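Single-structure report; data block below.
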Amino acid sequence: MADKLPSEFDVVVIGTGLPESIIAAACSRSGQSVLHVDSRSYYGGNWASFSFSGLLSWIKEYQEENNGEEWTAWQELILETEEGVALRKKDQTIQHVEVICYASQDSDEHVEEVGAVQKNPGSVTSASTNDPPDSMVTACSDTSELTTPLSEPEAAREVPDVDVTLGNENHGGDTDCSQSPLEQEKAGNLPVGEDVVDAPKKNRITYSQIVKEGRRFNIDLTSKLLYSRGLLIDLLIKSNVSRYAEFKNVTRILGYQEGNVLQVPCSRADVFNSKKLTMVEKRMLMKFLTFCLDYEQQPDEYKAYEECTFSEYLKTQKLTPNLQHFVLHSIAMTSEESTSTLDGLRETQNFLRCLGRYGNTPFLFPLYGQGELPQCFCRMCAVFGGTYCLSHAVQCLVVDKESGKCKAIIDHFGQRISAKYFIVEDSYLTEKTCSNVTYRQISRAVLITDQSVLKADSDQQISILTVPPVEPGSEAVRVVELCSSTMTCMKGTYLVHLTCPSSKKTAREDLESVVQKLFTPYAEAELENEELKKPNLLWALYFNMRDSSDISRECYNDLPSNVYVCCGPDGFLGNKNAVKQTGMYSCSMSSFWNSALPCAYKPTSGTTSSPKPSLILIFLLKFSQNTLDPSDTLLRNVFSRVLDLNSLSSATEMLWLFPPYLFSQGQHNSLHNRCLIKNC
Amino acid sequence: MAGGASGEPGPGAAAGIVVPETQEHLFKVLVIGELGVGKTSIIKRYVHQLFSQHYRATIGVDFALKVLNWDSKTLVRLQLWDIAGQERFGNMTRVYYKEAVGAFVVFDISRESTFEAVLKWKNDLDSKVQLANGIPIPTVLLANKCDQNKDNSHSPSQMDQFCKENGFTGWFETSAKDNINIDEAVRFLVENILANYKNFPNEDDVDKIKLDHTTLRAESKSQCC
């Protein structure tokens, strides 16, 4: 782009993941000038969602050789009094990417995602049929390439046109079976205007249909749900960023027991309507859940078990093994071996409290995928003047030798952009900076299937299922199944996300056993008994993602004091970490930020006489960093708006000027004490 | 100027709609194009009948709302979504494009480079939003600042051809400064949106959840049980 960026901002944010975007929006909303860049061409980093073709190019990118080189050109651009902290040129947080296509793919068919690379919308309807060979589209050829090391796709491709009855009960007769491959291809190439999936001729979903309907997919790299009373929901509402997003309630909580997928009753209505539970079980479960809702009030009930694990504690409660299993894995969603009684109770309580706010389960899922959320915050930031540049890499941070502070960045054009504060996502830091950091890994699988893991009256179900560890020591696998009305997959398919902490070498090794338990590879579908048939697997992607959460600031080498690191997505279901760490500090400080951020979001009208929220924000930054100094010019700025600083006898007085909603009493006191100490 | 006449209902007229069979539509329309081509000016001129020479980036506002008494039975609420600071580098969030039903792509007739960027915007638009039936949303090309000297002349027939080849519904030479053709262009786009709407009415998904303060308040009242 011809326009050159301004060379000065208040805050530079590098990376467009959820935490970075929240901070960018908070800063912009409170009047600071923000430059928000991402070296990738899309928003969200590892929080992004992709269309099918988008995901294929993402896969391609990560399957290429990745040597993690660093920028070098910046060295000539910094002065003698400065030092450069290089940033990473290429992301290395994704590993072991494997793709398996089970749906039949006609190798001579040229397909492309409608509109994806379309230059001429006028000819959309004819674009995907009968094109000359030169239009062989990357998406298709790439994938056949990707699948070559594996044996399954061969089988998949060779499948004859056998009727596998994909939900068209009445059309699954002999006529469909005898449909010639030519007709098949035609059916798959219906013009866009018509609803391909509902076409009566079609009896199963082919790979080319997935590619063609690729824009209907919004495939999340990170699979999470929002607790309906969680921090993120609070933040969305308080910041009014929620106006950009729409949600669906997760409709079912599922459990996995003895090879069967079952629906877990969790609300009062569910419990009483359940056909699976006996009357006695219903009473037991209701009694226990009612207790959990305010367990703190009855310490006698659990005090004796505080040292035990939650699963041991459950055994002492009058619950059948069936119910214990559900409470442990599907309601508290905690580990059998390591979760303490208190943590288990807390999680159960959290779950129950979230019930009923928006629906029958405690969880919400954003329409169009989790990747919408960072974009909502980015939009907010932009609306309040934030400047956005994707595909814009940063070579290095420029650190002033004398003060040890970062004063600027040098971008990939060699332009120097200065700022007061810098927010950097962990994946941008080089090995040199992170040499003392130990990262965990998350194993992920993304599946496209043709049926729900548990059939119900409605085919539009959003389900969460926890599959308990297969063997002791391995991890429970979290499965989130999304239907097409979440706007994340095409009609007639389900998008299934599997997530667990890595314990084996690759994601596929960690997750494939669970995938096999729940689904049938498409090629084998014909052998299955109709009644017992598991959903068919059409397409699968496995990968490992680095978990950079919970890393203390001290682990990073040579980090200037005004540079803050945000972590990538963690493996948990909720977004607590992402919101909390927008404080960027240790746990003890994070509650501070939870009150500070919403404050920055408060409407500025009517607050002309009080300090600007942005300044409060910076104040908090400094406070939590222990660099608060009453003579600081920043503080002077804050208070000059209210009172003449010289008339204040001590920092303590300043403190009480802060609006009370900013702090809880406890926090206020600790701030108070710290100010006193500083002042002495 | 039919568009102008029906385009000035004023708040009183809008509130006065009580005829039961009146159909109301809410249309999200995007206004995109390079930096400084006059997107904000067009919106300001159309919605507020104002024009200012002084360029100011749009801060703090998502869209401008115009209520149109389209005909005796149809009320159209038009949300004109201006692009925020981010877009001058061409990186739109999906949030911006989401659920739009029409768009203006604006270029500056006095700067040829802004015309060259038109296709980039059109492609970005088509790749990120489409109607429920999968076809691109109706898009009108605006050759703005027609009160100024042309940088490069495109004959009307060339422009027609360009629109046909690139999937634009039509084009207008406009001037926000002199208020030329802006009402006409909007009217033309709304006609196309309405035509689409009649053919493919929006199926509303009732299960969608919007989080807002009202839900919260309503909910906190009923929480006592």
Given (1) in a strand (DSSP E or B); (2) within 13 Å of another protein chain (Cβ to nearest Cβ); (3) at pLDDT below 90, number of the condition B:TRP70 does not satisfy
(2)
Please enumerate the residues belonging to the stretch A:22-67 that are within 29 Å of A:LEU495 (Cα to Cα) and touching a Pro at 6+ places or on another chain (Cβ under 7 Å).
A:TYR43, A:GLY44, A:ASN46, A:TRP47
Out of the stretch A:347-373, which residues are under 30 Å from A:ARG88 (Cα atoms) and more than 9 Å from chain B (Cβ to nearest Cβ)?
A:GLY369, A:GLN370, A:LEU373
Please find, within the stretch B:87-98, the residue that is modelled with the highest pLDDT out of those that are crowded, with 23+ Cβ neighbours inside 10 Å and more than 7 Å from every other protein chain (Cβ to nearest Cβ).
B:MET92
Among the residues that make up the stretch B:99-108, is at least one of them over 25 Å from A:CYS378 (Cα atoms), in contact with a Lys or Arg (Cβ under 8 Å, 6 or more places away or on another chain), modelled with pLDDT under 95 and open to solvent by 10 Å² or more (accessible area, probe 1.4 Å)?
no
Odd one out for B:SER41, checked against (1) surrounded by 21 or more Cβ atoms within 10 Å (Cβ to Cβ); (2) within 15 Å of the chain's Cα centre (by Cα); (3) facing chain A (nearest Cβ under 10 Å):
(3)
Qualifying residues in the stretch A:247-281 (those that are within 14 Å of another protein chain (Cβ to nearest Cβ) and modelled with pLDDT under 85) - the one least open to solvent (accessible area, probe 1.4 Å)
A:SER267
Since A:ARG216 meets every condition but one in (1) open to solvent by 20 Å² or more (accessible area, probe 1.4 Å); (2) under 24 Å from A:GLY45 (Cβ atoms); (3) touching a helix residue (DSSP H, G or I) at 6+ places or on another chain (Cβ under 6 Å), which condition does it not meet?
(3)
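Rundown of residues vs (1) over 19 Å from B:LYS28 (Cα atoms); (2) at pLDDT below 85; (3) polar (S, T, N, Q); (4) in contact with a helix residue (DSSP H, G or I) (Cβ under 6 Å, 6 or more places away or on another chain), yes/no style:
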| residue | (1), (2), (3), (4) |
| --- | --- |
| B:LYS145 | yes, no, no, no |
| B:HIS154 | yes, yes, no, no |
| B:THR169 | no, no, yes, yes |
| B:PHE172 | yes, no, no, yes |
| B:ILE180 | yes, no, no, no |
| B:ASN202 | no, yes, yes, no |
| B:LYS208 | no, yes, no, no |
| B:LEU216 | yes, yes, no, no |
Pull up the stretch A:217-246, narrow it to residues that are small (Gly, Ala, Ser) and more than 8 Å from chain B (Cβ to nearest Cβ), then point me to the one that is nearest to the chain's Cα centre (by Cα).
A:SER223
Across the stretch B:109-145, what is the total count of residues that are more than 12 Å from chain A (Cβ to nearest Cβ), of a type outside the set (A, V, I, L, M) and surrounded by 18 or more Cβ atoms within 10 Å (Cβ to Cβ)?
4
Give the number of residues within the stretch A:334-349 that are open to solvent by 50 Å² or more (accessible area, probe 1.4 Å) and in a loop (DSSP other than H, G, I, E, B).
3
Could you list all residues from the stretch A:370-426 that are surrounded by fewer than 19 Cβ atoms within 10 Å (Cβ to Cβ), of a type in the set (S, T, N, Q) and assigned to a strand (DSSP E or B)?
A:SER418
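The values are calculated or read from the model by the stated rules, or taken from the named source; none is laboratory data. Note that the structure is predicted; figures quoted are calculated from it, not measured. When we count neighbours, we look across all protein chains shown, and the Cβ atoms used for this are built from the backbone with ideal geometry, even at glycine. The protein model used for the area step is the full one, side chains on, heavy atoms only, and it has no ligands, DNA or RNA in it. Shrake-Rupley method; radii C 1.70, N 1.55, O 1.52, S 1.80 Å.
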